[in-house]
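Structure record follows, encoded as C-alpha cells.
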Amino acid sequence: MRHIYFYHRDTETQSIRTPNTTGAIVGCRVTLVHILSVSVSLCLCGFILALAVSAQVPTPRAVLGFQPTDDKTIADWGQIVDYFTKLDKASDRVLVKEIGRSELGRPMIVAFISSPRNIKNLDKIRSINQRLADPRTVANDAELAKLIADGKTIVSISCSIHSTEIVASQMSMNLAYELASANDADTKEILDNTVLLLIPSPNPDGIQMVADWYRKTLGTKSEGTSPPELYHHYAGHDDNRDWFMMNLKETRAVTKLFWQEWFPEIVYDVHQQGQNASRFIIPPFFDPPNPRVSPSILREVGLAGYKMAADLQAKGISGVATNSTYDTWWHGGFRSAPYFHNSIGILSEAASTNLMSPITVTLDELKRNRGVRGLPSIVETATNYPDVWKGGLWRPADIAEIEMTASRALLSLASKYRPRYLRNFYELGKANLKPDSDVPQAYVIPAGQPNAENVARLIEILTWQGMEVYRMTEELWLKHKRSESPHEMPLNSFLVFTDQPQKNNVLSLFERQDYPHRLLPNGDAEVPYDVAGWTLPLQMGVETHEVWEIRDLERNRGTLKRISAINDARAVLNLAPHAAPFDKIANPLKTNPRIGLYKPFTSSMDEGWTRMVFDQFQIPFRSVSNDDFRNGRLDLDVIVLAADNENTIIRGLSADRYPAEFAGGIGDAGVANLKKFVENGGKLVCFDDSCALAIKQFNLPVRNVVAGVRRSEFYNPGSIVKLNVDTQDPLGRGMFEETPAYFSTSSAFDAAQESGLSYRVAARYAEKDALMSGWMLGEKYINGKAALVEVQYGKGKIVLFAFRPQHRGQTWGTFRFIFNSLEKY
C-alpha cells in the first residue's frame, strides 16, 4: 500500500474528483487543515496521468453545446461526425475511419475503440480474426492457441439504422466518451480484451433528415412527427431488410467491414419500438428458430440478453421483456444476417419518445396494448417480464440509460469470456467444413441460361458477403439428386460448395424455406416477425440445382477457378465489364414512354424500391406529386402506383399534425384527373395494394378473392409462389412459363365474365402446388386465380399486379413484368 498525504495551508475544504469503478465521478472531501492519509492501490504518477488524459478528451457537451439525449436536443450527422473526429484526435483509445458513402454522398464512419496498445495493433488483430473466421488457414492446435491468446473479441454496436429511432445515434457519443475517458477497472478490462466497432448510424442521410425536420418543427403541431419522406433515400424502414441482397450502398459498406475485413464475433443492433409497449425487448427471442442457425449461436444470443436484463434489473429499471415478439427465422436483418456468418446477433428495442421530445404514458394506455407474441399483457408480471412498468414520464435520457447499460453489459461479457468467444467462433467455422451427408455438396448455376444480368448479380451478391463461388473451366459430371445417375454439366457453369465456413449462409439462401405451421388458439395463423421464405435464386429468376455428388472431384479441383472479382463472372457471361461493384444496368426498354411514379408524403417504402429499380436499370421517369394529380399535370404515357392502399393515396397525411404543404393525398380531384388520364389513352400500372383504388374508383370487373378472408382460412406472410405465365401476352414476353413471384399478404383476382370492359389475364397462380418457399395457409383460395391483369379503359389501359413485382428490390425474376408493362404496345 502507498500512503499519499495532502497538505494545504488554508482551513478550507477542497473536492478531489476521481473516477469510481462504474466510470462515474465521485468527490472526495479533504479538510486541508489536517494531514489526510489515503490508502490507494495505484501509484500517484499513474493516477495523475490518468486524470490528465481524461481531461484532454472532449466531452460531447463541450463540442455540441448540449448533452446528447437531453430533452429537445438533437445532433445532426455533421455534428456527430465532427464529435467523433475530435475524439479521434484527442484519444489514443479511438480511431475513426470512413467506410464508404451513403446513397446521398454522406460519409459513413466507424469508431474503433480499444486500449491504446490494441489501437496500434489493429492490423494484427484483424488478421487474427480473419484466420479464426476461416479455420483452413490455421495449421494446428498450437497455432490456434496462439491466435486465441493474442486475439480480441470483436464487437460491433450499430445505432439508429432506422433514423426516427434517433436516441441511439445520440447515445453513441456518450458511450464513446465514457470508453475513451474512464479509467475504472471494468472499462480497462473491456478496452484490453475487446475491439469495439461503434457505428453511430449506418443511415447518415436519415439522421440528417430527421434532425433537420425535428428542428424545423420544434414548438409546432408537428413536433415529434416523422419526416414526410422516406428516411432512407430508397428503402426507408426497409433499409434493415437488405442484408443478403446488397441493394443499398450502406448495406454494402457495412457488409464489407464485417464479412470481408473484421468478422465480428458479436453484432448488436440498437432499435426503438412503439411508445405504449414494454420499455425494452432483448433476447432470448421467440420461436421459431431457423434450422440453419447453430444451437450454439442461439444459446449465446440468449446468454447475452439475460446479462443485459440482469444488469438493467440491478439498476432498478423496470419494463424489460425477453422471449417475445422477435424470432430468429428470417435472414436479411442487421442482427439476423450474422447468424449465418457464425456470429452472435443481438437486437434490442426500447420504447420510443416523440423523437427527442419526452412523452407521458398512462397505465390505461398500457392496458389497451393488445400484447405481442410471448407477451400477451404488458401490465401483468410474467417470467419473461418480471418487473412491470406502470407508466409515467418517458424521456430520451431514459432510453439512453437503458441502451448504455445494455451496451456495457455486452462489452463486459465479451471481455470476461474473450477466449471462449474466439474459440467458439473458430469451432463454428470448422464444423461447417466437415462432410455432411444431410445437405447437398454444392449448388450449381448452369451455363447457358437466359437472364445473364441476373446470374451476374446473384454471383456478385454471394461473393460480396464472403461466399466462395467457382467457375468450371471444364465439363464435370454431377448428381442433382441422390438416386439419379451423374450427368454432364457444361463448362462455365458456377459451383457454390457448402463445405466452406459460410455453409449456413449458402444453405439459407439457396434452399427452399419450409416455415413451421403455427396457429393461435383461435385458429388464426400466427404472424411471423418478417417473411417466411426468401430463396434467392427463385426470387432472382436464376436456375440452380442441388449437387449431391461430383464425379472425381479431387482429380478435377484444378479445373475450378474461384471468382475473385465480378468482372470475372461478367466476362464468362458475355456481359460488358462494370466500372465499379454493383454498377447500374443498361435500360431494358425498347420504347421511350414518359413514365411517372407517384411519390406520396407518407414515406412509401414500395415507392422507394420502385424508384431504386428504375434508377438501377437507368429507366427515365419523373416523380408525380399530390399537387400534380390535383392540378392535372399528368403529361405522361404511364403512371405507376406502388403498393400503397387507397386511403393513403387519396387522403395522405393528417392536417392535424402536418403543415398544409404535406397534408392530404391526391384527393378526389386527383382521382378524377387520373380517370381522365386513362380515358384519354394513358396507362395506369398498379402494384398490389394500390390495385384496390383502381378497382373501386374505375369500377373494374375484377375482385380480390382473398380480401377480408380470416387468417384461419388464408394467410401468406411473405413467400415465393408459382405463376403460370402466358408468354405470348405482351406483359408476359421474355418470361418463363412457370415463374416464381413474391406474395406478401398480397392479392388474387377473379374477373367478371360479363362487363362492358375488355381484359386479359397474363399470369395466374398455379392450379396446384403454388407454394415454392415459405408458408401459405389455404392455398386453394388463390389456385388458378389471376395474378396479372390488363383492363382496357376508354382509350387507355390499367395493369393490375396482384403481387409486388419489385419486392424490396430482390425479385429480379419478375422485373421483366414491370419493364413489359411500361412499354408502348
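Asp239 passes every criterion in (1) under 17 Å from the mean Cα position of the chain (by Cα); (2) surrounded by fewer than 23 Cβ atoms within 10 Å (Cβ to Cβ); (3) not in a loop (DSSP other than H, G, I, E, B) apart from (2). Within segment 282-330, the set of residues being among the hydrophobic types (A, V, I, L, M, F, W, C), within 27 Å of Gly391 (Cα to Cα), in contact with a strand residue (DSSP E or B) (Cβ under 8 Å, 6 or more places away or on another chain) and open to solvent by 40 Å² or more (accessible area, probe 1.4 Å) comprises just one member, Phe286. Based on what the data block shows, is Ser407 within 26 Å of the chain's Cα centre (by Cα) and either open to solvent by 40 Å² or more (accessible area, probe 1.4 Å) or of a type in the set (S, T, N, Q) (or both)? So Ser407 fits the description; yes. Within segment 765-787, track down each residue that is more than 19 Å from Gly718 (Cβ to Cβ) and touching a residue at least 60 places away in the same chain (Cβ under 8 Å). Answer for segment 765-787, where residues must be more than 19 Å from Gly718 (Cβ to Cβ) and touching a residue at least 60 places away in the same chain (Cβ under 8 Å): just Ala786.
Residues of segment 429-458 that are under 30 Å from Pro264 (Cα atoms) and acidic (Asp, Glu): Asp436, Asp438.
Yes or no, residue by residue, for (1) of a type in the set (A, V, I, L, M, F, W, C); (2) open to solvent by 60 Å² or more (accessible area, probe 1.4 Å); (3) modelled with pLDDT under 95:
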residue: Glu401; (1), (2), (3): no, yes, no
residue: Ser415; (1), (2), (3): no, no, no
residue: Tyr426; (1), (2), (3): no, no, no
residue: Asn432; (1), (2), (3): no, no, no
residue: Ala452; (1), (2), (3): yes, no, no
residue: Ala456; (1), (2), (3): yes, no, no
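Restricted to segment 707-743, and to residues there that are among the hydroxyl-bearing types (Ser, Thr, Tyr) and in contact with a strand residue (DSSP E or B) (Cβ under 8 Å, 6 or more places away or on another chain), the residue that is farthest from Gly523 (Cα to Cα) is Thr739.
Of all residues in segment 713-768, which are of a type in the set (Asp, Glu) and touching a helix residue (DSSP H, G or I) at 6+ places or on another chain (Cβ under 8 Å)? Spell out how you get there, then give the answer.
Step one: list which residues in segment 713-768 are of a type in the set (Asp, Glu), which gives 713, 726, 729, 737-738, 750, 754, 767.
Residue satisfying the conditions is Glu713 alone.
Annotation for segment 470-492: at least one member residue is within 23 Å of Pro577 (Cα to Cα) and of a type in the set (A, V, I, L, M, F, W, C). Considering segment 108-132, and only residues there that are small (Gly, Ala, Ser) and buried (at least 24 other Cβ atoms within 10 Å of the Cβ), the residue that is farthest from Trp259 (Cα to Cα) turns out to be Ser114. Beta carbons closer than 6 Å, at least 6 apart along the sequence or on distinct chains, pair a first residue in segment 633-649 that is in contact (Cβ under 8 Å) with a residue 60 or more places away in the chain with a second that is in a loop (DSSP other than H, G, I, E, B) for Asp637/Pro593; Asp637/Arg594; Val638/Pro593; Ala643/Arg804.
So if I check each of Ala149, Ala142, Ala168, which one is part of a helix (DSSP H, G or I) and either under 18 Å from the mean Cα position of the chain (by Cα) or within 21 Å of Arg252 (Cα to Cα) (or both)? Can you show your working first?
Values: Ala149 fails: either under 18 Å from the mean Cα position of the chain (by Cα) or within 21 Å of Arg252 (Cα to Cα) (or both); Ala142 fails: either under 18 Å from the mean Cα position of the chain (by Cα) or within 21 Å of Arg252 (Cα to Cα) (or both).
Step by step, each of Ala149, Ala142, Ala168 is checked, and only Ala168 is part of a helix (DSSP H, G or I) and either under 18 Å from the mean Cα position of the chain (by Cα) or within 21 Å of Arg252 (Cα to Cα) (or both).
Mind checking which residues of segment 798-825 are under 18 Å from Gln728 (Cα atoms) and open to solvent by 30 Å² or more (accessible area, probe 1.4 Å)? Within segment 798-825, Arg816, Lys824, Tyr825 meet the criteria. As for segment 637-653, it holds no residue that is open to solvent by 10 Å² or more (accessible area, probe 1.4 Å) and over 22 Å from Thr610 (Cβ atoms).
Among the residues that make up segment 480-489, is at least one of them within 27 Å of Lys256 (Cα to Cα), among the hydrophobic types (A, V, I, L, M, F, W, C) and in contact with a strand residue (DSSP E or B) (Cβ under 6 Å, 6 or more places away or on another chain)? No, the conditions are met nowhere in segment 480-489. Are any of the residues in segment 349-365 under 20 Å from Lys307 (Cβ atoms), among the aliphatic types (A, V, I, L, M) and either touching a Leu at 6+ places or on another chain (Cβ under 7 Å) or modelled with pLDDT of 95 or more (or both)? Yes, that holds for at least one residue.
One residue alone among Ser773, Ser719, Ser712 is touching a Gly at 6+ places or on another chain (Cβ under 8 Å), open to solvent by 30 Å² or more (accessible area, probe 1.4 Å) and at pLDDT 95 or above, and that residue is Ser712. If the condition is being open to solvent by less than 20 Å² (accessible area, probe 1.4 Å) and touching a helix residue (DSSP H, G or I) at 6+ places or on another chain (Cβ under 6 Å), then segment 497-538 contributes Thr498, Pro501, Asn505, Ser508, Leu509, Leu536. Checking the stated criteria, Ser163 turns out not to satisfy the condition of being in a helix (DSSP H, G or I) and either aromatic (Phe, Trp, Tyr) or closer than 20 Å to Val254 by Cβ (or both). Taking Tyr268, is it in contact (Cβ under 8 Å) with a residue 40 or more places away in the chain, open to solvent by less than 30 Å² (accessible area, probe 1.4 Å), under 25 Å from Pro659 (Cβ atoms) and among the hydroxyl-bearing types (Ser, Thr, Tyr)? No, not satisfied.
Filtered by the rule that a residue be part of a strand (DSSP E or B), of a type outside the set (Ser, Thr, Tyr) and under 30 Å from the mean Cα position of the chain (by Cα), segment 710-735 gives Ile720, Val721, Lys722, Leu723.
Taking the residues in segment 480-496 that are in contact (Cβ under 8 Å) with a residue 60 or more places away in the chain and open to solvent by less than 40 Å² (accessible area, probe 1.4 Å) as candidates, determine which candidate is nearest to Glu546 (Cα to Cα). Working first, answer last.
Taking segment 480-496 and keeping what is in contact (Cβ under 8 Å) with a residue 60 or more places away in the chain, we get 480-482, 486, 492, 494-495.
Still in the running and open to solvent by less than 40 Å² (accessible area, probe 1.4 Å): 480, 486, 494-495.
Values: His480: 5, Pro486: 12, Phe494: 12, Leu495: 10 Å.
Among those that are in contact (Cβ under 8 Å) with a residue 60 or more places away in the chain and open to solvent by less than 40 Å² (accessible area, probe 1.4 Å), it is His480.
Within segment 582-607, being of a type in the set (A, V, I, L, M, F, W, C) and at positive phi holds for one residue alone: Phe582.
Quick one: which of Val254, Val210, Val155 is touching a residue at least 24 places away in the same chain (Cβ under 8 Å), of a type outside the set (Ser, Thr, Tyr), open to solvent by less than 10 Å² (accessible area, probe 1.4 Å) and in contact with a helix residue (DSSP H, G or I) (Cβ under 6 Å, 6 or more places away or on another chain)?
Working: Val254 fails: in contact with a helix residue (DSSP H, G or I) (Cβ under 6 Å, 6 or more places away or on another chain); Val210 fails: in contact with a helix residue (DSSP H, G or I) (Cβ under 6 Å, 6 or more places away or on another chain).
The conditions single out Val155.
In segment 604-621, what count of residues is obtained for those that are of a type in the set (A, V, I, L, M, F, W, C) and under 21 Å from His578 (Cα atoms)?
If we filter segment 604-621 for residues that are of a type in the set (A, V, I, L, M, F, W, C), which is where we start, we get 605, 609, 612-614, 617, 619, 621.
Imposing the further condition that a residue be under 21 Å from His578 (Cα atoms) reduces the set to 612-614, 617, 619.
So the answer is 5.
The values are calculated or read from the model by the stated rules, or taken from the named source; none is laboratory data. Just so it is clear, the structure is predicted and the values come from calculations on it, not from any experiment. Every residue, glycine among them, receives a Cβ derived from its backbone with ideal geometry; neighbour counts consider all protein chains shown. These area figures cover heavy atoms from the full protein model, side chains too; ligands, DNA and RNA do not enter into them. Shrake-Rupley method; radii C 1.70, N 1.55, O 1.52, S 1.80 Å.
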